[in-house]
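Input: a single structure, listed below in structure tokens.
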Amino acid sequence: MDAATRRWRTALFLFMLAAGTGMASWVARTPAVRDGLDVSTGSMGLVLFGLSTGSMAGVTASGQLVRRYGGRATISVGASLIVAGLLVVAAGTSLSQAGGVFGGLALFGAGMGLAEVAFNIEGAAIESVIGRPVLPVLHGCFSLGTVVGALLGMGLTAAAFPVGWHLSAVAVLIAAAAVRAVLSIPHGTGREPAGASGQGGWRGQLRVWQDRRLILIAVIVLAMAFAEGAANDWLPLLMVDGYHVSATAGSLTFLAFASSMTLGRFAGGPLLERFGRVAVVRVSAVTAAVGLVLIIVSPSPLVAGAATVLWGLGASLGFPVTLSAAGDHPHDAAARVGAVATAGYVAFLVGPPALGFLADHIGLRLTMTVVLALLIVASTLAGALGSDRRAGTEPAPVTT
């Protein structure tokens, strides 16, 4: 690996670490934000809808922007929106303006959607250059950031540190990481060649779905993202309502899940090089499924808490590894990664709220059988991830 590629990879890692810290910092301070706004839980739900709205807009637009302007430009815009969004949320909280917080979350979500899809495309491009897995560690950095952000948020909450100053400091951290990233990322990664016939615009994005293998990959990433997103949104409440543990114990259970995700992603590279994508994803889906079965049927909260470690380890590699498989194409790597990443992020955003509606009727523990069924589907379809290559990638050209 030459020095420029090493700087490129390191910059992506640092930005994803900062982005994960930013996301978890916001999540950890939501109770304080609600108190600062002096709104009900229902009204806070409407405020939070700004994050979902912005995220969906960013995710759906990112692939097209990368195809037209390249990953570097898209990440620049996304990072700017993330920083601006956090600053607006901080100001809105300090001024007790719910509308300001809604708008800030919309900006923050849009920036995250734009940047994360573009970062996945950049990570796949690095894999094609060096012939080694990169995306698992890239996502591991984001997971590590969420652990850091969660611990930081818990500490500052206990110290009654003002939310506005906290989120403003995190915004400065993300801005610094973004500057480093933009200076290190090469121009034009993922951009279509000028005058490419019949490949531009939304038609080009839709055209990649004519590949049956890509559809199967998208189903796998949807299932694995659904499993991850369900834990992110519902695990603490699942432990509190399903096992009648304290809110603190529920939060600690989620911390165990997030730590397991981080460990799984950092350990994923050597596993992929030795066993290949098909075996790793198949075993990962089965591992997560075993953890879910224990959570659904076990009467013991201790067993269920321990099972979240299996859930986290199993869910950790599904999303990055399937994106890596989507990038295995000599011509449309960026378009394919963008399309599959969009499917995954839609599962992140839409799937967990849908589980909430079902949980109203049958409870959260039984609702997790939906996630279990999807994990079984992902394990069954894992063969679509390609031949069992040791490096987990095959060279694909990078447009510059």
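Look at Leu323 and say whether it is touching a residue at least 12 places away in the same chain (Cβ under 8 Å) and either crowded, with 22+ Cβ neighbours inside 10 Å or assigned to a helix (DSSP H, G or I) (or both).
So Leu323 fits the description; yes.
For Val293, state whether it is farther than 14 Å from Trp311 by Cα and at pLDDT 85 or above. Before you say what the answer is, go through the steps one by one.
Details: farther than 14 Å from Trp311 by Cα: no; at pLDDT 85 or above: yes.
No.
Would you call Leu292 closer than 20 Å to Leu366 by Cβ and among the hydrophobic types (A, V, I, L, M, F, W, C)?
Yes; evaluated as a whole, the condition is true for this residue.
Does the range 84-106 hold any residues that are of a type in the set (A, V, I, L, M, F, W, C), in a helix (DSSP H, G or I) and surrounded by fewer than 24 Cβ atoms within 10 Å (Cβ to Cβ), and which are they?
Within the range 84-106, Ala84, Leu87, Val88, Ala91, Ala98, Phe102, Ala106 qualify.
What number of residues within the range 152-161 are assigned to a helix (DSSP H, G or I) and without any contact (Cβ under 8 Å) to a residue 60 or more places away in the chain? Explain how you work it out, then say what you get.
Of the residues in the range 152-161, the ones assigned to a helix (DSSP H, G or I) are 152-158.
Next, only the ones that are without any contact (Cβ under 8 Å) to a residue 60 or more places away in the chain stay: 155, 158.
So the count comes out to 2.
Of everything in the range 129-142 that's open to solvent by 20 Å² or more (accessible area, probe 1.4 Å) and assigned to a helix (DSSP H, G or I), which residue is nearest to Thr10 (Cα to Cα)?
Residue satisfying both the conditions and the ranking: Val137.
Name every residue in the range 118-170 that is among the β-branched types (Val, Ile, Thr) and closer than 16 Å to Ala18 by Cα, in order of residue number. So that I can check it myself, show each step before the final result.
Restricting attention to the range 118-170, the residues satisfying the condition of being among the β-branched types (Val, Ile, Thr) are 121, 126, 129-130, 134, 137, 146-148, 157, 163, 170.
Of everything in the range 118-170, those that are among the β-branched types (Val, Ile, Thr) and closer than 16 Å to Ala18 by Cα turn out to be Val137, Thr146, Val147, Val148, Val170.
Give all pairs with beta carbons closer than 6 Å in which a residue from the range 58-70 that is among the aliphatic types (A, V, I, L, M) meets a residue that is not in a helix (DSSP H, G or I); count only pairs at least 6 apart in sequence or on separate chains.
Filtered contacts from the range 58-70: Val66/Gly190.
Report every pair of residues separated by at least 6 positions or lying on different chains whose Cβ atoms are under 7 Å apart, first residue within the range 165-185 and closer than 16 Å to Leu87 by Cβ, second acidic (Asp, Glu) and surrounded by fewer than 19 Cβ atoms within 10 Å (Cβ to Cβ).
Here the result reads none, with nothing in the range 165-185 linked to a residue that is acidic (Asp, Glu) and surrounded by fewer than 19 Cβ atoms within 10 Å (Cβ to Cβ).
Please indicate, with yes or no, whether at least one residue in the range 26-44 is open to solvent by less than 60 Å² (accessible area, probe 1.4 Å) and under 30 Å from Ser128 (Cβ atoms).
Going residue by residue through the range 26-44, those that are open to solvent by less than 60 Å² (accessible area, probe 1.4 Å) are 26, 28-30, 32-33, 36-37, 39, 42-44.
The next check asks that each one be under 30 Å from Ser128 (Cβ atoms); those that pass are none.
No.
Being crowded, with 22+ Cβ neighbours inside 10 Å and of a type in the set (Lys, Arg) is the filter here; which residues of the range 261-320 pass it?
Arg265, Arg277
When you scan the range 6-16, how many residues do you find that are of a type in the set (A, V, I, L, M) and surrounded by fewer than 23 Cβ atoms within 10 Å (Cβ to Cβ)?
Restricting attention to the range 6-16, the residues satisfying the condition of being of a type in the set (A, V, I, L, M) are 11-12, 14, 16.
From what's left, surrounded by fewer than 23 Cβ atoms within 10 Å (Cβ to Cβ): 11, 14.
Final tally of qualifying residues: 2.
Within the range 107-124, take every residue that is aliphatic (A, V, I, L, M) and modelled with pLDDT of 85 or more and give me the one that is farthest from the chain's Cα centre (by Cα).
Among those residues, the one meeting the criterion is Leu107.
The values are calculated or read from the model by the stated rules, or taken from the named source; none is laboratory data. Because the structure is a prediction, the values reported are computed rather than measured. Cβ coordinates were reconstructed from backbone atoms using ideal geometry, including for glycine residues, and neighbour counts include every protein chain displayed. What goes into the accessible areas is simple: the full protein's heavy atoms, side chains included, and nothing from ligands, DNA or RNA. Shrake-Rupley method; radii C 1.70, N 1.55, O 1.52, S 1.80 Å.
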